[in-house]
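Peer 1: My questions will all concern the structure given below.
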Amino acid sequence: MRILILIRLSARSVGRNLRRSVLTAAAMVVGLALLILSRALADGTHEQWIDSAVALGVGHVAIQAPGYLETRKLEDRLDAPAAERAVEAVDALFEPALLRAWVPRLSVGGLASSASSALPVQILGVDPALEPSFSALQDRLEEGRYLEPGDRLQAFVGVELARRLELEVGSRFVLTAQTATGDVQGQLVRVVGIFRTAIPEMDEGLIHIPIETAQGWLEAPGAVTGVAMMLETSEATDLAITRLEAALGGDDGLDVLGWEETSPELADAIRIDDVGDYIFHTILFAIVALAILNSVMMAVLGRRREFGILQAMGLTGPETGFVVFFEGLFVTAASGFFGVILGYAVTWGFFGDGLDFSALMDSDMSFSGTIIDPVIYPTFSIDQILVSVYSIVIIGTLASIYPALRATRFDVAEAMKFDR
Amino acid sequence: MKGVHALSAGLFLLFAVGPAAVEAQTAREILDEVDRLMRGESSRGVVSMEITTEHWARKLDMEVWSLGTEYSLVRVQSPPREAGMATLKADQEVWNYLPRVDRTIKVPPSLMMGSWMGSHFTNDDLVKESRIVDDYEFEIAFEGERDGEDIWEFLLIPKPEAPVVWGRVEYEVRKRDKMPTSVRYYDEDGDLARSMEFSGFVTLGGRLVPARMDVIPADKPEERTTLIYHELDFDIGLDESFFSLRNLRARR
Amino acid sequence: MSGDSVWWRVAWRNLWRHRARTLITASGLAFGYLAAVLMIGLTDGMAAELVENGTRLLVGQVQVHADDYLPERNMYRTIGGQDGTDVQGLLDQVEANEDVSNAAARLYGGGLLSSGDETRAGLLLGVDPDRELLVSTLLDGLVEGRLPETGAWELIVGSEMAEQLEVNVGDEVVVVAPAADGSMGNDLFTLVGIFRTGTPGIDANYAMLPLNDLQYLMAMDVTRVHEIVMTVERPWDTQGIAAVLAAELEGSDPAVRVRPWMELRPELFEYVSLFDAANLIIVAIIFVMAVFGVANTMLIGTFERRREFAVVRALGTTPGGVGRTVVYEGIILGTLALMAGALITTPILVWFHNAPPDLSALTSGFSFGGSQWRPILRVEYSWQGPIASAVALFLTSIFAAMYPAWKATRIPPADALADR
């Protein structure tokens, strides 16, 4: 019974000293909001990173023949029946929130020759209908157009290759490579478009041609060297792998690989970044904790008279402490609530459309957005938000103990004497 | 070298057959036959090759054996620094022998972008099987006198999907003895990419052939590679077993 | 009354009388300063690590070539053309520049490497092993074997190349490369080491051998090199350093072109700039929290002093006097607290800078982009960071105190004392 009275006393006290309560809460609210913001940006950055990198590679998840990852040779390809099974397995991922894009690919190393010169190249047979939603290569278009369904002898090449072979849109050149049967075969193609990524290896060494043309040329009808998939979020990678393996029913001839396997350098880079993240959040957390503690302690200094009055009214030492503690809890709880709202609001408000980092960069640098899209979209993860909230609540609660303790042991008469 | 050799020999045989105007259709039939003949014909020759580039000039003497279009062996005789170097093409595989280190290396076809032995021929020229019939359409572009010589000029246009880099090839042939005098390779924009000149017509191995061939890149006219045949014999009874790795390594 | 000095003395005494309050505020200021400055130092450190790791792998920080060498990399266009140059003299001249740390000469060749049945095209890099060790970290990354010795016909290759050639340390490798006199340079080499950078483009294509041996293979005189590569004292300042170097080399006998790494590896520059931009956000967040924490604490503190101000005013102090007291308190407090903060921060910065703590216990080291990435807390000095932080926090403490003081002085003393 008494407890309820004490609780109401706490609540009313909070209300009556609104300014003090708000100011104490403010430290927690702002701290929590900043924690949420920084986590969302950090997670968003990682996500952006992974997205950009896997779009240049084989996506978040890939299905390949065993051994292809090491050898990258045509002989380690998936022939028509296996390729079909792989494509069918992709169906298992056809949920709106899971699969973003998928593409079949036939990749081979060969020679590109023109009337002027010849260069070694990596030739990628792609599906013109599916490829644009997967890789961003067509966004780097400089001249001409990207491949379209129905194209046969069209090739999409980089600026450096075009320059060295003296090619323009429409020019003919010949691709030479070793086919599936071991013969060396030439294939005529014409430039349909030219791209610029500013990455020399790509501008000089990468060519896209229609996959059916590649299959015909290399005498490997219906074959692929891999099926690559982009997911909506990299966190779904493990789920996707599980589903695909289930769909393939443990077929030995097909490997399902996640991006951490296909791009180990990327995985390492993320891990490095995590270290930086960890440090940053530790420091931020420390400052937030300090700010909260400082606010509470500062507030306590002015409340001695108040504690004295409470005891003079008849509350025992422990009861006084209880009232003060509960005040702290109320404030903490409210802070948690408002902190999350503010965190969301600030993040969405300023950065909902994505934070364009290039605006913050040195202005005499022209940004070509080659490797990383400079726009970062904040990513909210419930786990992270809960961690932040819990931390703040714990600090707030612990911080409330201090004034509560001070409130319990008191010489009432002394306290009432001077307002110190 | 192979490709050019086959092309010139082929057209030569073509004109050894019949007079006057040649229809494209008949040309194809004849070349088909020539192609079949070439596949069985063996030859041996002694050639010297002089190369002039922006940075240096060299001369190599070589012995060349071939069987049809699929087998060939070239061995360098001089200068001493490179004597014994040899290139073997057998079926789809190309091997190089390096006497200095006594090792043989296998060259995968996709690595053949460089020039062959520093000349203006590419490894591709050496290796590529002639498929003139499959890859080109023919017509007579010009018939008459040029530079005091009565000539035919044949225009070879690559078929729509033929894997050739040229836009067109012009072949000039002397009417009086059906000897080719020049071949010009153009890219698709109509720019000359390289030209070959034939001269020094003599009888070797019982046939009239152009003993001297100059290859001139169009973008660097001061550079050239000159081939001179000193000896040439046909139908010498070689078979595939001759074109072996053991022979590749033999010193003579 | 002697004007101002009274208020200073009052301010001083106020601070010492309310020790708890002073201490709390001061700690907020001092630790806020520590956090902000440390964060700036750490992010600068991370950016510097990034630049150094990225550039020291292979590209170095400044490169010098013949005017017409790039981008074609025509073999004949050595520094000084066919006549070559005094390589040692050029190296000495470059190293005489105080901003240059180390320099080395290199020769590039392209050719075939063969072992048994396997042949691969490779990029042959001729280096002076002793000098190169000081300039690039690639030679640190030997996973097997040792560095090649000049004159012994030894070389090292990348791990992927070694796999493709199916060779181990101790095996022989045939090297064939077009020579400068038109002949085919060829020789037998012994594989004495294998490196792994983690970058497939390097591990699959590069072979390194002593400079003089490659010169011999390519029939080039010892005076002929393609590239002088060097590291500088302050990698982020490279553009400026390169400009100075270019001016120094202007008009010297072989006409050369000097390029900073930003031009040679624009994608790395972009990446680091992006990283920098992200750091701005991080530092801003820490800053905001620090400032907010101090402001919050001051606000609470000053609001709690209403009664005190009321008493003082009842005794006859003017509102202006109260105001000045508060401001002076802020100034003294700010100065002392920030000095304390600097006293704590500086040793930490110096310590981290010279002996960065290793976080290997928390996350293992790994290799990325070529070198071993150590998870260390590296710190770089700058003047802007500490000064900006100090100024911002100082001003915050003053203004945050002024507002409530001003509000307090507007209430008539009697009302304040009566708690109305």
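The values are calculated or read from the model by the stated rules, or taken from the named source; none is laboratory data. Computed from a predicted model, the values in this text were never measured in an experiment. No Cβ is skipped: glycine too gets one built from the backbone with ideal geometry, and neighbour counts run over all protein chains shown.
Residue by residue, here is whether (1) in contact with a Cys (Cβ under 9 Å, 6 or more places away or on another chain); (2) modelled with pLDDT of 90 or more; (3) assigned to a strand (DSSP E or B) holds:
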| site | (1), (2), (3) |
| --- | --- |
| B:L156 | no, no, yes |
| B:E172 | no, no, yes |
| B:D177 | no, no, no |
| B:K220 | no, no, no |
| B:T225 | no, yes, yes |
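Peer 1: Can you tell me how many residues within region A:96-117 are in contact with a Lys or Arg (Cβ under 9 Å, 6 or more places away or on another chain) and surrounded by 23 or more Cβ atoms within 10 Å (Cβ to Cβ)?
Peer 2: If we filter region A:96-117 for residues that are in contact with a Lys or Arg (Cβ under 9 Å, 6 or more places away or on another chain), which is where we start, we get A:98, A:106-109, A:114-117.
Of the ones still in play, those that are also surrounded by 23 or more Cβ atoms within 10 Å (Cβ to Cβ) are A:106, A:108, A:114-115.
Qualifying residue count for the region: 4.
Peer 1: How many residues, within region C:257-271, are surrounded by fewer than 21 Cβ atoms within 10 Å (Cβ to Cβ) and either β-branched (V, I, T) or at the interface with another protein chain (Cβ under 7 Å from one of its Cβ atoms) (or both)?
Peer 2: Counting residues in region C:257-271 that are surrounded by fewer than 21 Cβ atoms within 10 Å (Cβ to Cβ) and either β-branched (V, I, T) or at the interface with another protein chain (Cβ under 7 Å from one of its Cβ atoms) (or both) gives 3.
Peer 1: Quickly run through region A:385-408 and pick out the residues that are buried (at least 18 other Cβ atoms within 10 Å of the Cβ) and either under 25 Å from the mean Cα position of the chain (by Cα) or of a type in the set (A, V, I, L, M) (or both).
Peer 2: A:I385, A:S388, A:V389, A:I392, A:V393, A:I395, A:A399, A:A404, A:A407
Peer 1: Among the residues of region C:124-131, are any buried (at least 17 other Cβ atoms within 10 Å of the Cβ) and in a helix (DSSP H, G or I)?
Peer 2: Taking region C:124-131 as the starting set, the residues that turn out to be buried (at least 17 other Cβ atoms within 10 Å of the Cβ) are C:124-129, C:131.
Subset that is in a helix (DSSP H, G or I): C:129, C:131.
Among the residues of region C:124-131, at least one is buried (at least 17 other Cβ atoms within 10 Å of the Cβ) and in a helix (DSSP H, G or I), which makes the answer yes.
Peer 1: Output the residues belonging to region A:102-133 that are of a type in the set (G, A, S) and either in contact with a helix residue (DSSP H, G or I) (Cβ under 7 Å, 6 or more places away or on another chain) or within 16 Å of A:A155 (Cβ to Cβ) (or both). Let's see the steps before the verdict.
Peer 2: Step one: list which residues in region A:102-133 are of a type in the set (G, A, S), which gives A:107, A:109-110, A:112-118, A:125, A:129, A:133.
Hits for region A:102-133 are A:S107, A:G109, A:G110, A:A112, A:S113, A:S114, A:A115, A:S117, A:A118, A:G125.
Peer 1: Within region B:208-232, can you find the residues that are in contact (Cβ under 8 Å) with a residue 24 or more places away in the chain, acidic (D, E) and surrounded by 15 or more Cβ atoms within 10 Å (Cβ to Cβ)?
Peer 2: B:E223
Peer 1: Please specify each residue of region C:298-349 satisfying the condition of being assigned to a loop (DSSP other than H, G, I, E, B) and either on the phi < 0 side of the Ramachandran plot or crowded, with 19+ Cβ neighbours inside 10 Å (or both).
Peer 2: Within region C:298-349, the subset assigned to a loop (DSSP other than H, G, I, E, B) is C:304-305, C:315-318.
Result: C:E304, C:R305, C:L315, C:T317, C:T318.
Peer 1: For region C:143-165, state whether one or more residues are touching a strand residue (DSSP E or B) at 6+ places or on another chain (Cβ under 8 Å), among the basic types (K, R), surrounded by fewer than 22 Cβ atoms within 10 Å (Cβ to Cβ) and assigned to a strand (DSSP E or B). Can you show your working first?
Peer 2: First pass over region C:143-165, keeping only residues touching a strand residue (DSSP E or B) at 6+ places or on another chain (Cβ under 8 Å): C:143-159, C:161-162, C:164-165.
Okay, now just the ones that are also among the basic types (K, R), so C:146.
Subset that is surrounded by fewer than 22 Cβ atoms within 10 Å (Cβ to Cβ): C:146.
From the residues that got through so far, the ones that are assigned to a strand (DSSP E or B) too are none.
No: region C:143-165 contains no residue that is touching a strand residue (DSSP E or B) at 6+ places or on another chain (Cβ under 8 Å), among the basic types (K, R), surrounded by fewer than 22 Cβ atoms within 10 Å (Cβ to Cβ) and assigned to a strand (DSSP E or B).
Peer 1: Another question, if that's okay. In this structure, is C:A416 modelled with pLDDT under 80, among the aliphatic types (A, V, I, L, M) and assigned to a helix (DSSP H, G or I)?
Peer 2: Values: modelled with pLDDT under 80: yes; among the aliphatic types (A, V, I, L, M): yes; assigned to a helix (DSSP H, G or I): yes.
So C:A416 fits the description; yes.
Peer 1: Could you check region A:241-341 for helices (runs of 4 or more DSSP H) lying wholly inside it with 3 or more residues that are within 14 Å of chain C (Cβ to nearest Cβ), more than 37 Å from the chain's Cα centre (by Cα) and crowded, with 21+ Cβ neighbours inside 10 Å?
Peer 2: Details: elements: A:259-262, A:264-301, A:304-312.
Answer list for region A:241-341: A:264-301.
Peer 1: Kindly establish whether B:S78 is more than 10 Å from chain C (Cβ to nearest Cβ) and free of Cβ contacts under 8 Å to residues at least 40 places away in the same chain.
Peer 2: Details: more than 10 Å from chain C (Cβ to nearest Cβ): yes; free of Cβ contacts under 8 Å to residues at least 40 places away in the same chain: yes.
Against the criterion (more than 10 Å from chain C (Cβ to nearest Cβ) and free of Cβ contacts under 8 Å to residues at least 40 places away in the same chain), B:S78 qualifies.
Peer 1: Now, a different point. If you go through region A:64-71 one residue at a time, do you hit one that is in a strand (DSSP E or B), of a type in the set (S, T, N, Q) and within 30 Å of A:I199 (Cα to Cα)? Don't jump to the end; show me each part of the working.
Peer 2: If we filter region A:64-71 for residues that are in a strand (DSSP E or B), which is where we start, we get A:64.
When the remaining residues are screened for being of a type in the set (S, T, N, Q), the result is A:64.
Of the ones still in play, those that are also within 30 Å of A:I199 (Cα to Cα) are A:64.
Scanning region A:64-71 turns up at least one residue that is in a strand (DSSP E or B), of a type in the set (S, T, N, Q) and within 30 Å of A:I199 (Cα to Cα).
Peer 1: Mind checking which residues of region A:1-59 are under 21 Å from A:F134 (Cβ atoms) and free of Cβ contacts under 8 Å to residues at least 40 places away in the same chain?
Peer 2: Across region A:1-59, there are no qualifying residues.
Peer 1: Looking at the structure I just gave you, is B:A162 touching a helix residue (DSSP H, G or I) at 6+ places or on another chain (Cβ under 6 Å) and either part of a strand (DSSP E or B) or under 30 Å from A:L153 (Cβ atoms) (or both)?
Peer 2: Values: touching a helix residue (DSSP H, G or I) at 6+ places or on another chain (Cβ under 6 Å): yes; either part of a strand (DSSP E or B) or under 30 Å from A:L153 (Cβ atoms) (or both): yes.
Yes, satisfied.
Peer 1: Test A:L41 against the stated conditions and say whether it is in the same structural domain as A:V375 (by TED's automatic domain parsing) and in a helix (DSSP H, G or I). Break it down into steps so the answer makes sense when it comes.
Peer 2: Working: in the same structural domain as A:V375 (by TED's automatic domain parsing): yes; in a helix (DSSP H, G or I): yes.
So A:L41 passes the test.
Peer 1: Could we say that C:N74 is within 14 Å of chain A (Cβ to nearest Cβ) and touching a strand residue (DSSP E or B) at 6+ places or on another chain (Cβ under 8 Å) here? Give the derivation first.
Peer 2: Numbers: within 14 Å of chain A (Cβ to nearest Cβ): yes; touching a strand residue (DSSP E or B) at 6+ places or on another chain (Cβ under 8 Å): no.
The answer is no for C:N74.
Peer 1: Oh, and also: So if I check each of C:V87, C:V100, which one is surrounded by 16 or more Cβ atoms within 10 Å (Cβ to Cβ), β-branched (V, I, T) and over 30 Å from the mean Cα position of the chain (by Cα)?
Peer 2: On the way: C:V100 fails: over 30 Å from the mean Cα position of the chain (by Cα).
The unique qualifying residue is C:V87.
Peer 1: Let me ask you something else. Assuming C:G110 fulfils every condition listed in (1) within 14 Å of another protein chain (Cβ to nearest Cβ); (2) more than 19 Å from C:E227 (Cβ to Cβ) apart from one, which condition is it?
Peer 2: (2)
Peer 1: Okay, next question. Which condition does A:S135 not pass, out of (1) polar (S, T, N, Q); (2) more than 14 Å from chain B (Cβ to nearest Cβ); (3) more than 27 Å from the chain's Cα centre (by Cα), if it passes all the others?
Peer 2: Result: A:S135 passes all but (3).
Peer 1: Please verify whether B:G237 is more than 14 Å from chain A (Cβ to nearest Cβ), in contact (Cβ under 8 Å) with a residue 24 or more places away in the chain, in a strand (DSSP E or B) and at positive phi, treating the condition exactly as stated.
Peer 2: Judged against the criteria, B:G237 is not a match.
Peer 1: Which one of these is within 13 Å of another protein chain (Cβ to nearest Cβ), of a type in the set (V, I, T), outside any loop (DSSP other than H, G, I, E, B) and more than 27 Å from A:P200 (Cα to Cα): C:V244, C:V174? Spell out how you get there, then give the answer.
Peer 2: On the way: C:V244 fails: within 13 Å of another protein chain (Cβ to nearest Cβ).
On inspection, the qualifying residue turns out to be C:V174.
Peer 1: Contact list please: Cβ distance under 8 Å, first residue in region C:197-218 and not assigned by TED's automatic domain parsing to the domain that holds C:W153, second residue buried (at least 21 other Cβ atoms within 10 Å of the Cβ) and part of a helix (DSSP H, G or I), pairs at least six apart or on different chains.
Peer 2: Going by the 8 Å Cβ cut-off, there are no qualifying pairs.
Peer 1: On the basis of being among the basic types (K, R) and either within 16 Å of A:G59 (Cβ to Cβ) or under 32 Å from the mean Cα position of the chain (by Cα) (or both), does A:R140 make the cut? It would help to see each step written out before you state the result.
Peer 2: Values: among the basic types (K, R): yes; either within 16 Å of A:G59 (Cβ to Cβ) or under 32 Å from the mean Cα position of the chain (by Cα) (or both): yes.
Yes, satisfied.
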